[in-house]
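J.: Could you have a look at this structure, given as structure tokens, before my questions?
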Amino acid sequence: MKLKSIHLRDFRNYESLDLLLNPNINVFIGDNAQGKTNLLESIYFLSTGRSHRIQDEKLCIRSAQTLGLCRAVLENHGDIQLKVVIHDKGKTLFYQNQPLKKSSEFIGKMNAVMFSPSDMDLFETSPKSRRKLIDVELGKINPFYMDLLNQYLKVLKERNLYLKGNNLDDAYLEVLTTKLVDLQCDIIRFKTGFVDRLNQIISKYYQKLSISNSIIRIHYSGPVDWSESIKSDLLDKYQKSFDRDKYLKMTHVGIHRDDFEFYIDENEVINVASQGQRRLIIVALKCSLIEVIEEMTGSKPILLLDDVFSELDIKRREALFEVLHQNTQTIITTTDLEDVRLWTKDHVSIFEVNQGKVVERSRIDE
Ligand SMILES: Nc1ncnc2c1ncn2[C@@H]1O[C@H](COP(=O)(O)OP(=O)(O)OP(=O)(O)O)[C@@H](O)[C@H]1O
Ligand SMILES: [Mg+2]
């Protein structure tokens, strides 16, 4: 899968942008606050149907405008066109110029994996951002998962709203609970399988990147563990939480409270890992995602590397280059070409970003 072109209109600081991309490596260089991350954000948006930085996507519309637009043309056995229009009521997603009703029909049509400085606090933030990462990545390779998750969130909202009302009918509450349980069985199965697969490969990447023998393990902590008796285990948990749910007027059990704990050599990362180790665990996680995405979809995802090299020492830069540089379309941002010198050897296009305008530079002078 290759991204051929990007068109932006009134997206962030871009008034209008038309860009043809190199099928190999594209480097975007520019000073701070010129629009490098905004450009990667637009590509991420076209891949996942959401921003990687903010919840309120209306902020992506250029100041004082009412509509923002991102469009991509991809080559994947023929041309594919994806479009996102952001407006005051939210966003509309288009595939081949047809508006889509469900985001699951859009997510993952273009598979891109982002390495962003904002990922780097994955261990320090709330479980929500860890859940979001797994949900987005799993959703990209499994549209059925995304559908189940959206249905679950709808029923959860309905149950919470019902709990807030007066005159509760236990029978109706049980109907909603059973719906939640039914949807969760498959969700937990998918999550468990996904984390198991990541655990098989994440240490390999971490060891290459860190030049060490450490073992990384992700533990999925859900409402119950996956097993043949998952349905009755879940029903049991809801039963035990029934009075508390009614008293506190909210649903305490379910995958909306999941977390993912990371371990390095069987110690929890948040307790023992250094800043550098944490960064490399996150990079190793992303590398594992690339491998799993390729395995499940049959094509290599597009790599989006947002200024990730400036923080790595030269040995780690070389290790990351070795791991990632595999005939994959790559889009890199940097403030300093020196940081990405390894990537600028051949088949590279270099673009300068300046106040929301992009100009291609002729081949780098070595
Ligand atoms: N909705 C918007 N409308 C207009 N401009 C915006 C909007 N949102 C962000 N910007 C502008 O975009 C610029 C930041 O762009 P971006 O985050 O892409 O910078 P960058 O080139 O990645 O910089 P750095 O090297 O510091 O990461 C800021 O000047 C900001 O004011
Ligand atoms: Mg940036």
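J.: What pairs come up if the first residue lies in the stretch 10-26 and is within 16 Å of ligand 2 (Cβ to nearest atom), the second is acidic (Asp, Glu), and their beta carbons are under 9 Å apart, counting only those six or more places apart or on different chains?
T.: These pairs meet every condition: Phe11/Glu41; Arg12/Glu41.
J.: Okay, moving on. For the stretch 22-46, how many residues are on the phi > 0 side of the Ramachandran plot and either among the polar types (S, T, N, Q) or more than 7 Å from ligand 1 (Cβ to nearest atom) (or both)?
T.: Number satisfying all stated conditions: 0.
J.: Let me ask something additional. Which residue is farthest from the chain's Cα centre (by Cα), if the candidates are limited to the stretch 164-193 and must be buried (at least 16 other Cβ atoms within 10 Å of the Cβ) and among the basic types (Lys, Arg)?
T.: Lys179
J.: Check Ser47 against each of (1) more than 16 Å from ligand 2 (Cβ to nearest atom); (2) in a strand (DSSP E or B); (3) among the polar types (S, T, N, Q) and name the one condition it does not meet.
T.: Every condition holds for Ser47 apart from (2).
J.: Can you pull out every residue in the stretch 310-337 that is over 20 Å from the mean Cα position of the chain (by Cα), of a type outside the set (Val, Ile, Thr) and part of a loop (DSSP other than H, G, I, E, B)?
T.: Those that are over 20 Å from the mean Cα position of the chain (by Cα), of a type outside the set (Val, Ile, Thr) and part of a loop (DSSP other than H, G, I, E, B): Ser310, Glu311, Leu312, Asp313, His325, Gln326, Asn327, Asp336.
J.: Let me ask another. Could you pull out the residue among Ser103, Ser118 that is surrounded by fewer than 20 Cβ atoms within 10 Å (Cβ to Cβ), within 16 Å of ligand 2 (Cβ to nearest atom) and of a type in the set (Gly, Ala, Ser)? I'd like the intermediate steps shown before the answer.
T.: Numbers: Ser103 fails: within 16 Å of ligand 2 (Cβ to nearest atom).
None of the others qualify; the one that does is Ser118.
J.: Kindly indicate whether Ser232 is surrounded by fewer than 18 Cβ atoms within 10 Å (Cβ to Cβ) and among the small types (Gly, Ala, Ser). Give the derivation first.
T.: Details: surrounded by fewer than 18 Cβ atoms within 10 Å (Cβ to Cβ): yes; among the small types (Gly, Ala, Ser): yes.
It is true that Ser232 is surrounded by fewer than 18 Cβ atoms within 10 Å (Cβ to Cβ) and among the small types (Gly, Ala, Ser).
J.: Considering only the stretch 153-163, I want to know if a residue exists there that is surrounded by fewer than 20 Cβ atoms within 10 Å (Cβ to Cβ), within 18 Å of the chain's Cα centre (by Cα) and assigned to a helix (DSSP H, G or I).
T.: No, the conditions are met nowhere in the stretch 153-163.
J.: Would you tally the residues in the stretch 184-208 being touching a Leu at 6+ places or on another chain (Cβ under 9 Å) and under 11 Å from Leu285 (Cβ atoms)?
T.: The number of residues fulfilling the criteria is 4.
J.: Still on this structure, I have one more. Would you check if there is a residue in the stretch 52-71 being on the phi > 0 side of the Ramachandran plot and either among the hydrophobic types (A, V, I, L, M, F, W, C) or in contact with a helix residue (DSSP H, G or I) (Cβ under 8 Å, 6 or more places away or on another chain) (or both)? Write out each step before concluding.
T.: Narrowing the stretch 52-71 to residues on the phi > 0 side of the Ramachandran plot: 64.
From what's left, either among the hydrophobic types (A, V, I, L, M, F, W, C) or in contact with a helix residue (DSSP H, G or I) (Cβ under 8 Å, 6 or more places away or on another chain) (or both): 64.
Yes, the stretch 52-71 has at least one match.
Each value in this text was obtained by applying a stated rule to the coordinates, not by laboratory testing. Keep in mind it's a predicted model, so treat the numbers as computed, not measured. Don't worry about glycine lacking a Cβ; one is built from the backbone with ideal geometry, like all the others, and counts go over all protein chains shown.
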